[in-house]
Structures are given as structure tokens and as C-alpha cells.
Amino acid sequence: MAKNSPNKNQKQRQATARLVLMAAILLCVNILASYFHTGLDLTQEKRFTLSSSTKKLLHNMQETAVVEVYMKGKFPAELQRLQEAVRERLMSFKDIAGNNIVFKFVNPFEDKTIDEQKIIAHTMSEKGMPVLYRQPQNDEEEENSNPYFFPYALVQYNGKEVPVMLLEDPPGKSAAEKISYAEALLEYKFASAINRLSQRDHIRIGYITGNGEDLGINSYDMLSTLPRFYDLDTINLSRIAQISLAYNAIIISQPTIPFTGSYKLKIDQYVMHGGHVLWALNMLNASLDTLRKENSPMMMAMELGLNLDDILYKYGVRVNNDLVEDMQCMQLPRIQDGGGAEMRDWIYFPKLNPTSDNPIVRNMDFIQGGFTNSIDTIRNGIKKTVLLASSKYSRTATAPVRVSLSAMNYPQEAAMFNKPYRPVAVLLEGKFNSVYQGRLTPEYLYLLDSLNQTYIPKCPNDNKMIITSIGDIFHNDYSTKDGILSLGYYKYTGEYFANKYFLLNCLEYLTDSTGILESRSKIVKARLLDTGRAKDEKTMWQVVNVCIPIGLVFIFASIYFFVRKRKYETRPTESVPAK
């Protein structure tokens, strides 16, 4: 027995050394993990991988950005998921920017009295971060989570600060879909905030008026959304001598009055000097309000005569005097004889599915289209990229077009829709030529010089503009019950479309040279569980996720102990025969 004691003590020391070594390895791994944050992105669209433009922005940071995330505390499951997604995204920023990114999660209401909470809520609301209330879904959630929360972060950089909304609330989306969209947009929102704060001058956008462009209830959401991102002004072409180059881009949204030659010259020279234009045009006077009148079940869509054909043709496109009819379309309610309503396809309102790889529309959801013209592209050396097009089953009807609500009463045959993929939104890039090249008299050129206005016949540098023939693509709807509706919300079916994202993406592409928009193109379609299948197969997946891992542990443990026993078991000494 004495001979075996040293061997036994040696084995105990070896076992202890192994445990100490394993603990040291685990400690080192955890320490390294706190400094080096990485992950494996297996999603098809690489939604969790930082884009090259974001990485470049973070590498070039000269100062420290402080991010306060107001999502500390107990929240329902879906908000906890967003909370963790924000933490992961900011950690990925910190991995690249190092100490130039500092973030913390705070609860503004923590340890505060009711009166103090009211003051805090008022202060944050003035900064553009109003407190939101979420109705608890059950008693347990009401007891364990705070219904009042701020889904915002405040980014402070370069002596300035800007709020970032982490959770949008588009109508018609489930809670899971909203969280999925919010996760996909986190990189862009934080990168865009840092990029804007790093710029010395604000980006200015001009909204053109004077030719019947809407400034009322239908443009309310657009004109109230843009000031969150840009300095927005209205520009009446009749009251200015020229469009100032202080505006990084201008918007021409569904004009209804013809443009005079002087108005077009102002736009043309703005483009020649490097200005960017976002056009939203419709060449016909089609309007759903006209059809909705009780005594007007039919209308004739006639040409508006906007007098823009020559300038658009010179830039590289022709917006046709027609209407696109598409079997992939929106629906309108059709009043039944008994007084009820039935939803029917309305072929004059195409439902546009972006398929281009351009970052403006990549991975974007459907766009709501109203009365729409087709667009032809012209060969003139300008690069054209089709951003939106009709579906495979579409056609066009040349003006004058008879539009009647009775079209919903008859089934449509696919064989009749034989003009597929008609462009309805086009990006133009290159050195544009002036439509007035060789057309201005010497006297007029002299007049321009006397007004300190230099006429340029061609862009000296590459420029870009976007033209869409969906005139009301940036218009919101309204209802007597809910008032002004969000841009992209279709009140008849409760669907929410990506029109607002399209507007912001277009302006971002036209005005920003850093390429941050690349990260915004990660707006992806939510891939949610099939709730019916999940309910039917609940027991099976519980077994797979609980029993199989435990079973694998037992199997590997059994194999380990079996091999160890065979290795260290003592074999009996063979008996030696007596002599």
C-alpha cells in the first residue's frame, strides 16, 4: 500500500494542475473576449456585417462619440431582443473605432420621483425623444416590465448631438416584423448620425413650388419627415432669379401647371452647376378623387402638358403620356348591392417590387404606386439604372385613357398584359448637356452676365438625378377617422409600403458622397416563423432542442468513461506454475 501512495498523490497533483490550467484558459478566453468582439454572419444579405463605408467612417473618427441608449431595465421579450441587438451593433462599432466609441444604457426614470419623471419626459420630448407607452399584454408582463420606455439613443459627437429613433412604428406590421426592421436599420442609423454630426455644414433640400406642387395635407408627412434629416426650404421659381447652389438637391413633386422656359432654364442651370434633382412626375391628370365622386364613376385621363419633354429628353429619358396597367396591383373596395364592400384588384395602381441591385432599392419592400406613366430611356452617353419597374404582367394605355371603376368587375387575362417590366423610376448619372445649348441669343447671355449668372452648356463633372413617373409616390393619404396617414400606408388594406424609405434613400444617394447608404440597403424582408406550423410541431421541436443535446452529452460522457476505464484498468497478474 505504501508503494501506491506516491503514485496516488502524483495523480491527484496532475488532476489539480489540469483543473487550474483549465480555469486559467477559461479566464484568459473571457478576458480576450471582452477586448475582441466578433461573430459569424450566416444571413443571406449579411445584415449583421458592417459595410465598407461604415468601417471607413469609424476608422476616420477624430473625436469620441458618446452614445446614450435609453433602453435600460426590464422589457417585454421583443424589446429585450432589440435591446441586445443595439448592444451588439455598438460593440461592432467599438471593435473598429476603439475608444472613439463609448456607449452606455441608461434608464432616465430610474430612482426618480413622479414630478422628476415629468420634467425628464418634457426635456427629452423637446429633444425629439417623446416617451412611448406600450400596453402590457398580460398580468405577468404588467408586473415585471415598465410600460413607459424611450426607444431612442442620443449620439453626441463633434460638440453636437442628435437623437436616433431605434424603433419605428409603421402601421400594418406585427411586433416581430417591427423589431426585425429595426435591427436591420441599426447600422445605418448610428453611422448616419455620426456622419451628419461630423459635417460642418447641414445638407439643404429645396422643395420646388409655383407649378401646382402640393403644399397641403397630402404632402404633410414628407414635409414633416425631411426636416429630421435635412434643412428644408420651399423655393418658388417665380420669385427667384436662379436656384442657389447652397441647396444640395431639389424636389419637384407632381407639378400640374406647365413650366415656362425661364423656369426650365433655372432648373437646367442648377443641374449644369452640379445640383441634384429628384423628379416625381405624372404627365396625365388622373385622380382617384375624381372617380370617387358619386356622379363620376368614369373619367378621361388627359395630358397635362407640363412642357418638360425637351429637358427630360436631353437628360436621357422620356416620360410617356400613358398609364401603366399591372396585374400585380393594389386593391380598392367595390360597393356591393347589399351595402357591403368587397376588395377588388385595381390595375391602375401597380404594386412595385424593387429588384435592382442599386443600394437605393436593394432588399426594399414593395412600393405603392398610384396612376403611373411608363419611362423610355434615350441613348445619350448618360448611365441609366432602372430602380422601379412594373411586373411581368403589365401593359400601357396611351392618353387619352378611359378610367372606370367598372374595370374591377371583370377578370383580367394575363395574355392581354404583354408589355412587361416597364420602367417607372430611373437613376441618371453622368455629365448632362444643357437643353438650351445653342438656343440662347447673345442678348440673353449678356443679360445673364449682367445678373452675375454664368451660363454653362455642359456639366464639368459627373452629376446625378432621379426621375420617377409615379406622381404621388411621395404623397400620404388621410381619412376622416384617423386624420393624416403615414407616407406609404394604404388605408384600404392596412398595408404599409416602403415609399418613405424610397424618398430618404433617393435623397441620401443624391447628396451624400460617403456611401453610408450602403448600410441602409440592409432593409430586409422579415423572415418570421410559420406560426401554424410552429404550433403543430411544438412538441417535436421541444424534444429536439431539449432531449437531443442532453442525449449527446450522455453519449459522449459514456464513451469518455469507457475509454478511460479501458486505459487505466488493472489487469490481473497471470499465475506462474510451481516448479
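The values are calculated or read from the model by the stated rules, or taken from the named source; none is laboratory data. Here the structure is a predicted model, which means the values were calculated and not measured. Don't worry about glycine lacking a Cβ; one is built from the backbone with ideal geometry, like all the others, and counts go over all protein chains shown.
In the list ILE484, ILE516, ILE523, ILE470, which residue meets the criterion of being buried (at least 17 other Cβ atoms within 10 Å of the Cβ) and modelled with pLDDT of 90 or more?
Of ILE484, ILE516, ILE523, ILE470, the one residue that is buried (at least 17 other Cβ atoms within 10 Å of the Cβ) and modelled with pLDDT of 90 or more is ILE470.
Can you pull out every residue in the range 179-216 that is under 16 Å from GLY488 (Cβ atoms) and either touching a His at 6+ places or on another chain (Cβ under 9 Å) or β-branched (Val, Ile, Thr) (or both)? Residues satisfying the conditions do not exist here.
Of the residues ILE311, ILE267, the single one that is in a helix (DSSP H, G or I), over 30 Å from the mean Cα position of the chain (by Cα), surrounded by 15 or more Cβ atoms within 10 Å (Cβ to Cβ) and not basic (Lys, Arg) is ILE311.
Within the range 244-265, is there a residue that is assigned by TED's automatic domain parsing to the domain that holds CYS506, free of Cβ contacts under 8 Å to residues at least 40 places away in the same chain and touching a helix residue (DSSP H, G or I) at 6+ places or on another chain (Cβ under 7 Å)? No, the range 244-265 contains no residue that is assigned by TED's automatic domain parsing to the domain that holds CYS506, free of Cβ contacts under 8 Å to residues at least 40 places away in the same chain and touching a helix residue (DSSP H, G or I) at 6+ places or on another chain (Cβ under 7 Å).
Can you tell me how many residues within the range 319-335 are touching a residue at least 24 places away in the same chain (Cβ under 8 Å) and β-branched (Val, Ile, Thr)?
The first filter runs over the range 319-335 and keeps only residues touching a residue at least 24 places away in the same chain (Cβ under 8 Å), leaving 319-328, 330-334.
Now narrow it down to the ones that are β-branched (Val, Ile, Thr): 319, 324.
Result for the range 319-335: 2.
Restricting to the range 199-230, name every residue that is farther than 25 Å from PRO163 by Cα and among the polar types (S, T, N, Q).
Result: THR209, ASN211, ASN218.
One residue stands out among those in the range 85-108 that are buried (at least 16 other Cβ atoms within 10 Å of the Cβ) and within 14 Å of GLU68 (Cβ to Cβ): the one that is modelled with the lowest pLDDT, which is PRO108.
Across the range 255-290, the number of residues qualifying as within 14 Å of LEU312 (Cβ to Cβ) and among the hydrophobic types (A, V, I, L, M, F, W, C) comes to 9.
Every condition in (1) over 23 Å from GLU126 (Cα atoms); (2) assigned by TED's automatic domain parsing to the domain that holds THR493 is met by LEU223 except one, and the failing one is (1). Examine the range 272-279 for a residue that is modelled with pLDDT of 90 or more, surrounded by fewer than 18 Cβ atoms within 10 Å (Cβ to Cβ), in contact with a helix residue (DSSP H, G or I) (Cβ under 8 Å, 6 or more places away or on another chain) and not small (Gly, Ala, Ser), and state whether such a residue exists. Scanning the range 272-279, I find no residue that is modelled with pLDDT of 90 or more, surrounded by fewer than 18 Cβ atoms within 10 Å (Cβ to Cβ), in contact with a helix residue (DSSP H, G or I) (Cβ under 8 Å, 6 or more places away or on another chain) and not small (Gly, Ala, Ser), so the answer is no. When each of SER374, SER356 is tested for being small (Gly, Ala, Ser), modelled with pLDDT under 95 and on the phi < 0 side of the Ramachandran plot, the lone residue that passes is SER356.
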